[in-house]
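Peer 1: First the structure, which I've put down as structure tokens, then a few questions once you've had a look.
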Amino acid sequence: PRILFVISTQTGGTPQTNKDLMDGLQNQYSTMVLRCDTTQIFLYDTTGGQESICESFKLQSPITLTSHHSSEYENILGDLLINYAIEILHVRHIGWHSLSLCRVAKKLGLTVIFSFHDFYAICPTVNLLDENQVFCGGTCTKTEGDCSVPLWRNNNHVPKLKHSFINAWREMIANIFPHIDAFVTTSISTKKLIVEIYPELKQQNFEVIPHGRDFSQLAKEGNGNKISIN
């Protein structure tokens, strides 16, 4: 079976954790990666643990935070899912992609899995920190400043988030849930927070699976000794 993993950034925890997962599946699945940076779509073949680009596409209109949607993206995605015989779509991070990707995949009969790698689905700040770096827990703090959205800092369509666009944002995210077969997050506390914001997920297939790590060696802090990990 062939799985298509969806990521956004090329650095940070999401792509590294995703690579660990793909490497662990090589004996059972063929793996591919779909990445979008709001203006370009990239498809990679990662079967065998090696990454090679298959196709790339330039979007005529970039995806924005306020719409998070692109009909052009939908058409490209549909063709890729069919042409490469994708059977499972696993969304590791939906940032910079069109929110319609789950609907397109489900319409084609794919199994769709959605990972809450961080708090992006709750708030595009990702980390739920307000303008004073105070953790809001998903409920906007009462201070007057607005929150930073670093994932979209280069986008000109970032609206006032606090007590404003955040409500529309959660409606947009909730609309994709009916097109998803299973949800995953990495800790019980994270799941609890997500379900508080989206109570409809209480009745869904929602698993807690901690991040796996695949290290052949770890550097011992304080000196150059290496510790082998079996």
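Peer 1: When only residues in region 116-158 that are over 30 Å from Pro210 (Cα atoms) and under 21 Å from the mean Cα position of the chain (by Cα) count, which is modelled with the lowest pLDDT?
Peer 2: Ranking the qualifying residues of region 116-158, first place goes to Asn155.
Peer 1: Given Ile86, Ile41, which one is among the hydrophobic types (A, V, I, L, M, F, W, C) and more than 15 Å from the chain's Cα centre (by Cα)?
Peer 2: Ile86
Peer 1: Looking at the structure I just gave you, is Ser148 part of a helix (DSSP H, G or I) and polar (S, T, N, Q)?
Peer 2: No.
Peer 1: Taking the residues in region 89-99 that are open to solvent by less than 10 Å² (accessible area, probe 1.4 Å) and touching a helix residue (DSSP H, G or I) at 6+ places or on another chain (Cβ under 6 Å) as candidates, determine which candidate is farthest from Thr39 (Cα to Cα).
Peer 2: Leu89
Peer 1: Something else now. I need every pair where a residue in region 39-65 that is over 22 Å from Asn18 (Cβ atoms) has its Cβ under 7 Å from the Cβ of a residue that is acidic (Asp, Glu) and open to solvent by 20 Å² or more (accessible area, probe 1.4 Å), sequence separation at least 6 or different chains.
Peer 2: Matching pairs, first to second residue: Leu59/Glu72; Gln60/Glu72; Ser61/Glu72.
Peer 1: Could you check, for region 145-154, whether at least one of its residues is of a type in the set (Gly, Ala, Ser) and either closer than 25 Å to Thr111 by Cβ or in contact (Cβ under 8 Å) with a residue 60 or more places away in the chain (or both)? Even if it seems obvious, please write down each step before you answer.
Peer 2: Residues of region 145-154 that are of a type in the set (Gly, Ala, Ser), as a first pass: 145, 148.
Next, only the ones that are either closer than 25 Å to Thr111 by Cβ or in contact (Cβ under 8 Å) with a residue 60 or more places away in the chain (or both) stay: none.
So far as region 145-154 goes, no, none of its residues is of a type in the set (Gly, Ala, Ser) and either closer than 25 Å to Thr111 by Cβ or in contact (Cβ under 8 Å) with a residue 60 or more places away in the chain (or both).
Peer 1: List the pairs whose first member sits in region 1-16 and is within 12 Å of Tyr44 (Cα to Cα) and at pLDDT 70 or above, whose second member is among the charged types (D, E, K, R) and assigned to a strand (DSSP E or B), and whose Cβ atoms are under 7 Å apart, counting only residues at least 6 apart or on separate chains?
Peer 2: The qualifying pairs are Ile7/Arg35.
Peer 1: Go through region 40-53 and give me each residue that's surrounded by 14 or more Cβ atoms within 10 Å (Cβ to Cβ) and either outside any helix (DSSP H, G or I) or in contact with a Pro (Cβ under 9 Å, 6 or more places away or on another chain) (or both).
Peer 2: Within region 40-53, Ile41, Phe42, Leu43, Tyr44, Asp45, Thr46, Glu51 qualify.
Peer 1: Out of region 132-145, which residues are over 18 Å from Leu193 (Cβ atoms) and touching an Asp or Glu at 6+ places or on another chain (Cβ under 6 Å)?
Peer 2: Answer for region 132-145, where residues must be over 18 Å from Leu193 (Cβ atoms) and touching an Asp or Glu at 6+ places or on another chain (Cβ under 6 Å): just Gly145.
Peer 1: Moving on. Looking only at region 67-81, which residues are open to solvent by 60 Å² or more (accessible area, probe 1.4 Å) and not in a helix (DSSP H, G or I)?
Peer 2: Selection gives His69 alone.
Peer 1: Here's another thing I want to ask about it. Out of the residues in region 158-181 meeting the condition of being outside any helix (DSSP H, G or I) and either open to solvent by 20 Å² or more (accessible area, probe 1.4 Å) or in contact with a His (Cβ under 6 Å, 6 or more places away or on another chain) (or both), tell me which one is nearest to Lys106 (Cα to Cα).
Peer 2: Per the stated criteria, the residue is Asp181.
Peer 1: Now a separate question. Of all residues in region 101-157, which are open to solvent by 60 Å² or more (accessible area, probe 1.4 Å) and in contact with a helix residue (DSSP H, G or I) (Cβ under 6 Å, 6 or more places away or on another chain)?
Peer 2: Selection gives Arg103, Lys106, Leu108.
Peer 1: Within the group Leu43, Leu21, which residue is at pLDDT 95 or above and out of contact with any Lys or Arg (no Cβ under 6 Å at 6 or more places or on another chain)?
Peer 2: The conditions single out Leu43.
Peer 1: Test Val6 against the criterion of being under 15 Å from Ser100 (Cα atoms), of a type in the set (Val, Ile, Thr) and not in a loop (DSSP other than H, G, I, E, B), and give yes or no.
Peer 2: So Val6 fits the description; yes.
The values are calculated or read from the model by the stated rules, or taken from the named source; none is laboratory data. From a predicted model like this one, the values you see are computed outputs, not experimental measurements. Ideal geometry is used to build each Cβ from the backbone, glycine not excepted, and the neighbour counts take in all protein chains shown. Each accessible area value is taken on the protein alone, full model and side chains, heavy atoms only, with ligands, DNA and RNA left out. Shrake-Rupley method; radii C 1.70, N 1.55, O 1.52, S 1.80 Å.
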